[in-house]
Every structure is written in C-alpha cells, then in structure tokens.
C-alpha cells in the first residue's frame, strides 16, 4: 500500500504536462510591473492566479488591493489557527521584455524548444509559483493534511516591493505562520541543488544631469558649453577606483567582513572564474582583486550602471550637444548596509564631484535591506532533506547575489525566517532576452516541494 507522500508524487508525475500548460497560461500574461500600460495585464494575472488557487484546492483565494499592484492571498484551511502554518511567497510580476529584437520567439508566447520552456517569467518566477502550487495540489488530492498552507503573491517584486511591507504590517494576523517558503532563488546547475542563506539588498536611483535649456548645435556651442552626456560619464567613472572598489564616502563602513569559515564554504562551491566567463561570454572577469568571483557576487556590495540616455541615439548622424543626460544606478548591499545610508553617501559623492557647470537631480526609486538566514533551522533541514531525496546529493549552501527585499521585511514584521530555494539556474537568462525554464528541473522542483511539505508534517508529529 502506497503512502500519501508516494501517492502525491505519482499524481505529480501523471499531471506533469498539465502543470506545464498552467505555467504557459500564466506566462502569456504580460504582467510587467514597471510599465503603467500593463495595469490591465496585472489584473488579468491576479485573476488567473485566483482561478489556479481554487483549482488547486485552496478554500480561500482572493485579490487584495495595495497602494500599487494587487496581492493575491489564499489558504487551504481558513479559520484553523490551531494548525501549524506554512506561508509560500511569490511574485507574479516580470521584467520588461526589451530588447524585443533579441528574442528568438515572442516573450509572452511560451515556446518549448528541447527541454526548455522559453518566455518572460518562466524562470523568474511564474515557473516557481506553478511548481509550488503543483506540489500543493498533488498533496491536497490525497486528503487533508495537518498543516494550513497560505500563499501571498505580489506584483511589485521587480520594482522593489514598495507597497508589500505596509500590506504585511496591516495584515500581520492574517499572515501569521510558522514557516515561510520562498522559491525565488535557484540552483547551481541542473545537477546540484542549493539553499540560499544570504541575500544582498538593493538601492536603486535615477540620476539626471542638466546643462543648456535646450539641445544645441555641437559645432556652434561645443567646447564652450559643458556637455551633460560627457559630464555624467566622467562622474560615473569616478564611482569606482582602479581596483573595482566603490569610492562613495563611507560606503564600506558597515560591511560585515566574511569569516574564514564563510570563505572556505564559498571556495567549496563548484563554480570558478571559467564558469562565469563561459556563461557571460566575456574574456576576463572584473572586480575587487582580493575576493573570488563567488565572494564578490554573494557577499560584497556593488554599484552598477543599469542604463544611460542622452542626446541623439537614432540611426545616422545628428550633431547635437544634448541638454540633459540620465543614468540608472543600482547598488547591491550586504549586511549591515542599508538603502538610506547609501543614498546619503551617493548624494555626498555627487556634491563633491559634479562640476558647477551642471545642475543635477537624484531620485531614490527602490530599496531593500540585505539579510542573513540561519541555515540550521528545522524547516531548512526539511528542505535540505527534500532536495537530497530528489537529486540524490545534499544541496550546497550559498549567498545569493540578487535581492529579494521581502525576505528581510518578513523577518522583521512576521518574525519568521524564510526557506530560500528555487529551481532556476544561471543559464535561464532571467531579466534578459530568451529567458527560459529547464523543464526537467521544474518537475524535480515539484517533487522537492512535495517532500518538503511532508517533511514539515513529519516534524510536527
């Protein structure tokens, strides 16, 4: 006689094609949170998720409003606060598909090629949402379990989750839980699962330089009027020294140094410089020379220029001296940095380095705190055992280079650490053209979450 766990795994295997189709339905919706024109698509996405939740077996599934894009909340056993509770987090918003011309297939028409499903959001993170809900459905089809499962899916993660912390504070009782699963992280490779115990924070800015009050003829005024495009490049170039260190005053004052044990653990990761060269196509790596690539990505702060815009950028020639220039700047933060401090540091740097020929404005657009999670929590062990059961090897522990601001917010507001894992991989091209989800890994992810939930139930027994 098979156990409920075994029956759930069989159900998942038998319904694997249907789970993929559900993922495709969600990926087709262009829920780009940063684009005001996609507000109808954002509403369509939450309505689709509610439909999926009800089909999955959630007794409660509803759309809840925020000051920005709506949140979807659901739970399997409403009103049974005596039960241990698992809260699953996800985000249904995606990055813009630009540049469209670099996609081999349409970004919002999911396409299977080989063992991958291509489309914006397949990996980050609609695929991870569907993997989680597929696992929950597989379990619920076997009967009631002594665990209440709640979900919260937001629509603003890709713009820094500006309204979710306030939502969580306002609904703290509704979101009360014992465990949190956040599958918005990833694997080292298809053959090596991972659990993330550290996340970098984020501070995002828009910097604008202003020169003349209108575009000028570069022959008539060049050499007399300071070109804002030139000036912004000169100032940006000063933000790093020759060793790749960031030159903002006080930027490293609160950075917690890596322990020898942490450096040893990072050295054990099966990723070296050649891996990063191969996956990015660069000839050489860049950055602080005294740190390895793994350390620079997971445990050191960064300052990156995400975009530059000024003057004439069309085809052909136009001899113009532009009136203004703009740069998008993001910083990845590590414990114990915070977005407000680096905002102050960036303003101080600009006050010292912007020439008097230029007027400037700095806008703080998004921010989130870094966090460290205890890797020895019982729920982390439950996930570690689940991943080992499916993959046949223990997962590695790693610190993630990206940011998931809500993890630190949930730590502070709900008082619960998150189990951070996921089934995306470096080659999935998240945030880039031709994003994809490796389908065999997606199905392994479903099986892993099934084992994880049953492992949690076993720990309560």
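The values are calculated or read from the model by the stated rules, or taken from the named source; none is laboratory data. Here the structure is a predicted model, which is why all the values come from computation and not from measurement. Every residue, glycine as well, gets a Cβ built from its backbone with ideal geometry; the counts of neighbours run over all protein chains shown.
Some values worked out for this structure:
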read-out	value
Tally, over the stretch 5-46, of residues that are outside any helix (DSSP H, G or I) and within 30 Å of residue 142 (Cα to Cα)	1
Within the stretch 400-418, tally of residues that are buried (at least 24 other Cβ atoms within 10 Å of the Cβ) and touching a helix residue (DSSP H, G or I) at 6+ places or on another chain (Cβ under 6 Å)	2
Among (1) crowded, with 16+ Cβ neighbours inside 10 Å; (2) without any contact (Cβ under 8 Å) to a residue 12 or more places away in the chain; (3) within 20 Å of residue 180 (Cα to Cα) - the single one residue 82 does not satisfy	(1)
Residue 178 being outside the structural domain of residue 323 (by TED's automatic domain parsing) and without any contact (Cβ under 8 Å) to a residue 24 or more places away in the chain	no
Residue identified as buried (at least 16 other Cβ atoms within 10 Å of the Cβ) and assigned to a loop (DSSP other than H, G, I, E, B) among 291, 252, 276	291
Given (1) in the same structural domain as residue 360 (by TED's automatic domain parsing); (2) surrounded by 15 or more Cβ atoms within 10 Å (Cβ to Cβ); (3) part of a loop (DSSP other than H, G, I, E, B), index of the condition residue 271 fails	(1)
Residues within the stretch 52-66 that are surrounded by fewer than 14 Cβ atoms within 10 Å (Cβ to Cβ) and either under 23 Å from residue 450 (Cβ atoms) or within 21 Å of the chain's Cα centre (by Cα) (or both), tallied	2
Selection within the stretch 235-274 - without any contact (Cβ under 8 Å) to a residue 12 or more places away in the chain and farther than 30 Å from residue 326 by Cα	257, 259, 260, 261, 264, 274
Test set (1) without any contact (Cβ under 8 Å) to a residue 60 or more places away in the chain; (2) within 30 Å of residue 365 (Cα to Cα) - residue 224 fails condition number	(2)
